[in-house]
Amino acid sequence: MRIAILRPQVPFARGGAEIFTDELVDELRLRGHEADLVSVPFKWYPGARVLTQAFLWRLLDLEEADGRTIDLVVATKFPSYVVRHREKRVWLVHQFRQAYELDGTTLGQFGDSPEERGLRRRVQELDRVALGEATRLFATSANVAGRLERSTGLVAEVLPHPPQQLRYRHETSTGFVLSASRLDRAKRIDLLLEALALDPTLEAVITSDGPDRERLEELARARGIDGRARFEGRVSPERLAELYATCSSVFYAPVDEDFGMGPYEAFLSAKPVITTSDAGGPLDVVHDRRTGLVVAPAATAVASAAAWLREHETDAEAFGAAGKALADEVTWDRAIGRLLG
Amino acid sequence: MKVAYFSPMPPEASGIADYSALLLPELRKHLDVQVVKRGTKRPPKGVDLSVYHIGNNPDSHGWILDALRRSPGAVVLHDFVLHHLVAGVTIGRRDGHGYLDAMEREHGVVGRLLGHGVLDKRLPPLWEVRPEEFPLAGEVLGLARGLVVHSHHVEERAHGAGYVGPLIRVPHPAWPDPGLAPAQLEGSPLVGSFGNVNTSKRIPQLLEAFARVRRDHPAARLLLVGAVSPGFDLERRLQRLGLDGDGIVREGHVDERRLWALMAACDVHVSLRSPTMGETSGTAIRALGLGKPLVVTDVGWFAELPDAVALKVSVGDREVDDLAAALGLLAGRPDARERMGAAARTLALEEHDLVRVAERQAAAFERIAGGAAVGDEVLRDVSRAAAGVGIGAGSAEASEIARRLSEVDLGG
């Protein structure tokens, strides 16, 4: 089949959705499909730009390319699903969250003026129309599916995807907590830093980069923990696999996350995950005292959890092993089988 | 967003007052709502949108129409047929010319002549005998910056009348079951009809049909709750049909608690209407929430109820036969009553859920207040981009862009 994978691209930003779509293309090709990525830049401000940029997708003609039919398109996140195609499948990573659950929070975008309220509602209407056109609708997690159903009434099948391919392995813990999330405010790395400030025996390695990095590094300095909280920035795949293999636990506590590959990456290294009760998507697989620890979104709780997992190695190993069993079930074969089925 | 809210409110005896009392606490979770006092002529300063609840009753809605005329805004249109309202604010205020103008504006010279006939008492009042033919909704539609309606029926009629502004259908919310003990009434089954006792509620047909049902189901009782309209001789009809003995249970106007207790006692609810003004029945909505099977007239909003919850009877020669058959079926089939009741409760919980309805209504108001400006901005942006690459107005490419904008409801 000729399959186009649709991905909006915020120039210079790379995160889970980019990794997911790149790998989806590779995996489809491995299975004999002719797959390609179709990407359009996305900017969501100012004013109604969110809608005009979304509308760009509607102007694309993806029925065929170079005289040959495109059998199927797979849209992923807002606004790629605004595209028109007779076989439009949506594997929803997320909607435009500022128009939904982030509205009215510090992560929101729309103010209280009638124009901004009206704009938010137009985004929601666009979702209802565009997602309603999908011939099949999947969501990467129960959290994403739940939000979709609450906001539009549309029901999606939950279809998780495997995390990025690394040389996952398990080694003896050297005692540190790993955070591999992108450094933005919604990932709440500061909870981990505050936990380190509370418990001087804790150590953490923080990889990746993002707009919140400066603030987080300043916070670490202010708390006097910059020796125990090591910021490594973007690391090579080999280094990341090594960190997963040797940590005692993985901290992953975003606010109401869509899906979150972090837990799957931790589990493939047979490591337990510390998350919070309000983390959203990760709660699909991080089950308290079975595959990790689910705690209140408070630094004291995170500190206790990290110390407990470091000191209870047998339990931590058991949680990691249970997580691995879950993650091993999420394969590209299964995901692609359902996506194209 | 700040909203000025024009509506009848309790203790005013009005279904729309009850509706607003139910909805407002939830709506306030989304919007800064200021309910204006009855008689207010203009919205308070600083509001972003005025919302006018318009129904057919001139006593309840005349002042709201006056305010709408001064400051257009969003209209929640509870009835499509507004003839009685228009007559009330014209003839009722000794403004016969206003009535003639309204009739002419919407129905031409013939309308004006008919209006003269009414004013001269040569014709019976059209709002009583033929309101559905002369709905007189045009002025309200013309003043509405956006419409919120409860039914596809009103949506279609408004579109049919040429309304082109934002029009959003938001179902009527359901009241939570207050859990009151059912009133102790005899009847197996007990069939209830709630509301004014008159011909437009099809009471003559109901009585005749029920008299037939009683032949096969002598233990059945009909509960009639509501005031008898002037000129409707209920007693004589009951005598003629042999229902003046123990076949009928009568209650006049009752308070809310008694209403719920009586409704809870019924096995079957009858909600008949012809002609319809386009209204949604608050008592039928209550019956759904209580999980009661319905028998309704196959018109307007009532016709949109799923078959799983309501047996529908058409107006016409066979109306009494069909009504008797529907009541007979439900009288003899407790299993069907139970099945329909369960479906009714599910419908109330899903389609008419108060929290969802309030969210949808807030969305509608925000869309009406700010959506047009957003649409204009999108069109401006897209037009500028198109012009920048040489796509001129009227070209095939411009038409294609317009078509695609329209597909995703971004066409202004």
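Each reported figure results from applying straightforward, stated rules to the coordinates on display, with no laboratory input. These numbers come from a predicted model, not from an experiment. We place every Cβ from the backbone using ideal geometry, glycine too, and count neighbours over all the protein chains shown.
Taking the Cβ of B:Leu49 as the center, what net charge do the other residues with Cβ under 11 Å away carry, scoring Lys and Arg +1 and Asp and Glu -1?
Details: positive: A:Arg117, B:Lys2, B:Arg145, B:Arg367; negative: B:Asp32, B:Asp48, B:Glu366.
For residues surrounding B:Leu49, the net value is +1.
Scan the range B:61-154 for trypsin sites (Lys or Arg not before Pro) in coil per DSSP, keeping those whose Cβ has at most 13 other Cβ atoms within 10 Å, and list them by number.
Details: sites: B:Arg69, B:Arg70, B:Arg93, B:Arg94, B:Arg105, B:Arg112, B:Lys121, B:Arg122, B:Arg145; in loops: B:Arg94, B:Lys121, B:Arg122, B:Arg145.
When the trypsin sites (Lys or Arg not before Pro) of the range B:61-154 are filtered for loop state and at most 13 Cβ neighbours within 10 Å, B:Arg94, B:Lys121, B:Arg122 remain.
Scan around B:Ser50 for amide H atoms under 5 Å from its own, H built in the peptide plane at 1.01 Å from N, and keep only partners 5 or more places away or cross-chain.
Excluding prolines and chain starts, which carry no amide H, the hits are B:Ala4, B:Ala74.
For the range B:151-209, what does the alpha-carbon gyration tensor say about shape, rounded, prolate or oblate, given a ≥ b ≥ c as the root eigenvalues, a/c under 1.5 as rounded, and a/b over b/c as prolate?
Working: a/c = 4.47, a/b = 1.73, b/c = 2.59.
Oblate is the answer for the range B:151-209, as a/c is 1.5 or above yet b/c matches or exceeds a/b.
Take every residue in peptide A:110-116, count the Cβ atoms of other chains within 10 Å of its Cβ, and give the average of those counts.
Values: counts 2, 1, 5, 5, 15, 9, 5.
Mean partner shielding for this stretch: 6.
Could you compute the net charge surrounding B:Pro11? Neighbours are other residues with a C-beta less than 15 Å from the C-beta of B:Pro11; K and R count +1, D and E count -1.
Values: positive: B:Lys37, B:Arg38, B:Arg257; negative: B:Glu12, B:Asp18, B:Asp59, B:Asp255, B:Glu256.
Net charge in that neighbourhood comes out at -2.
Per residue of the range A:218-235, in order, report the coupling 6.51 cos²θ - 1.76 cosθ + 1.60 (Karplus, θ = phi - 60°) as ³J(HN,Hα) in whole Hz, putting x for Gly and Pro.
These are the phi-based 3J(HN,Hα) values: 5, 4, 4, 5, 5, 8, x, 10, 5, x, 9, 10, 9, 8, 9, x, 6, 10 Hz.
A:Lys271: which lysines have alpha carbons under 21 Å from its alpha carbon, excluding same-chain residues fewer than 8 sequence positions away?
The qualifying lysines are A:Lys187, A:Lys324.
Farthest toward the dipole's positive end in the range A:2-159, which of A:Val82, A:Pro114, A:Ala156, given Cβ charges of +1 (Lys, Arg) and -1 (Asp, Glu) about the Cα centre?
A:Pro114
Among A:Gly132, A:Gly146, A:Gly224, which one shows the biggest mean-square fluctuation in a GNM of chain A, springs joining Cα atoms closer than 10 Å?
Highest fluctuation among the options: A:Gly224.
Would you look at the GNM of chain B, springs on alpha carbons closer than 10 Å, and say which of B:Gln361, B:Gln34, B:Gln184 moves the most?
B:Gln184
When only C-alpha pairs under 8 Å and at least 6 residues apart count, what is the relative contact order of chain A, in percent? Spell out each step's value before the answer.
Numbers: 673 pairs, mean separation 45.9, N = 341.
Averaging sequence separation for qualifying contacts and normalising by length gives 13 percent for chain A.
Please compute the Kirkwood hydrodynamic radius over chain B, one decimal place, Å, based on all pairs of different Cα atoms.
Working: mean 1/r = 0.0431 Å⁻¹.
When all Cα pairs of chain B are included, the Kirkwood radius is 23.2 Å.
If one computes the Cα centroid of the range A:281-329 and of the range A:113-167, what distance in Å separates the two points?
About 28 Å separates the Cα centre of the range A:281-329 from the one of the range A:113-167.
Going from the alpha-carbon gyration tensor of the range B:301-356, what semi-axes, largest first and in whole Å, does one get by taking the root of 5 times each eigenvalue?
On the way: eigenvalues 120, 50, 6 Å².
So the equivalent ellipsoid measures 25, 16, 5 Å along its semi-axes.
Go ahead and collect, in residue order, the members of the range A:82-110 whose backbone nitrogen is under 20 Å from a label point 7 Å along the Cα-Cβ direction of A:Arg2.
Of the residues in the range A:82-110, A:83-90 have backbone N under 20 Å from the label point off A:Arg2.
Which of the trypsin sites (Lys or Arg not before Pro) found in the range B:274-357 are in a DSSP loop and have at most 14 neighbouring Cβ atoms, other than their own, within 10 Å?
Qualifying residues, ordered by number: B:Arg318.
Quick one: which residues, 5 or more positions from A:Phe231 or on another chain, have an amide H under 5 Å from its amide H? H modelled 1.01 Å from N in the peptide plane, none for Pro or chain starts.
Here A:Ile206 satisfy the definition.
Any idea what the relative contact order of the range A:1-113 is, in percent, if you count C-alpha pairs under 8 Å spaced at least 6 apart? Please list the in-between numbers first.
Values: 174 pairs, mean separation 29.6, N = 113.
Dividing the mean separation by the residue count of the range A:1-113 yields 26 percent.
Going by Cα centres, the range B:279-299 and the range B:349-412 are how many Å apart?
If you average the Cα positions of each part, the centres end up 35 Å apart.
For a test of the definition: using alpha carbon positions, the gyration tensor, and the 1.5 limit on a/c, classify the range A:177-329 as rounded, prolate or oblate.
Numbers: a/c = 1.44, a/b = 1.34, b/c = 1.07.
Rounded, since a/c falls under 1.5.
What ranking of A:Glu329, A:Glu87 emerges when the number of other C-beta atoms within 10 Å of each C-beta is taken as an exposure proxy, fewest first?
On the way: A:Glu329 11, A:Glu87 16.
Fewest-to-most Cβ neighbours within 10 Å comes out as A:Glu329, A:Glu87.
Calculated from DSSP H runs of 4 or more alone, at -39500 (n - 2.57) each and per residue, what is the 222 nm mean residue ellipticity of chain A, nearest 500?
Working: 11 runs with 132 residues, N = 341.
For chain A, the value works out to -12000 deg cm²/dmol.
For the range A:11-83, which trypsin sites (Lys or Arg not before Pro) are in a loop by DSSP, counting at most 15 other Cβ atoms within 10 Å?
Values: sites: A:Arg14, A:Arg29, A:Arg31, A:Lys43, A:Arg49, A:Arg58, A:Arg68, A:Lys77; in loops: A:Arg14, A:Arg31, A:Lys43, A:Lys77.
Of the trypsin sites (Lys or Arg not before Pro), the ones in loops of the range A:11-83 whose Cβ has at most 15 other Cβ atoms within 10 Å are A:Arg14, A:Arg31, A:Lys43.
Count the lysine pairs in chain B whose Cα atoms sit under 27 Å apart, keeping only pairs 8 or more residues apart in sequence or on different chains.
The number of close lysine pairs in chain B is 12.
Order of B:Glu235, B:Glu12 from fewest to most other C-beta atoms within 10 Å? Each step should come with its number before you reach the end.
Values: B:Glu235 10, B:Glu12 16.
Ordered from fewest to most neighbouring Cβ atoms within 10 Å, B:Glu235, B:Glu12 come out as B:Glu235, B:Glu12.
Would you calculate, for chain B, the mean residue ellipticity at 222 nm contributed by helices, counting each DSSP H stretch of 4 or more residues as -39,500 (n - 2.57) and dividing by all residues, to the nearest 500?
Values: 16 runs with 200 residues, N = 412.
That comes out to -15000 deg cm²/dmol.
Sticking with the crude label model, points 7 Å out along Cα→Cβ, report the distance from B:Ser200 to A:Thr174 in nm, one decimal please.
8.4 nm
Which of A:Val82, B:Val382, B:Val389, B:Val249 comes first, and how do the rest follow, when ranked by fewest Cβ neighbours within 10 Å?
Numbers: A:Val82 29, B:Val382 23, B:Val389 7, B:Val249 19.
So the residues, fewest neighbours to most, are B:Val389, B:Val249, B:Val382, A:Val82.
Along the charge dipole of the protein assembly as shown, which of A:Gly292, B:Val47, A:Leu191 sits closest to the positive end, that is, farthest toward it, with unit charges on the beta carbon of Lys, Arg, Asp and Glu (+1, +1, -1, -1)?
B:Val47
Let me know the shape class of the range B:2-169, please: from the alpha-carbon gyration tensor, a ≥ b ≥ c as square roots of the eigenvalues, rounded when a/c is under 1.5, otherwise prolate if a/b is greater than b/c, or oblate. Walk me through the numbers on the way to the answer.
Details: a/c = 1.98, a/b = 1.70, b/c = 1.17.
Prolate, because a/c is 1.5 or more and a/b exceeds b/c.
On a 0 to 90° scale, report how tilted helix B:203-216 is relative to the longest principal axis of chain B, with both axes built from alpha carbons and the result rounded to the nearest 10.
Taking Cα atoms only, the helix is inclined about 40 degrees.
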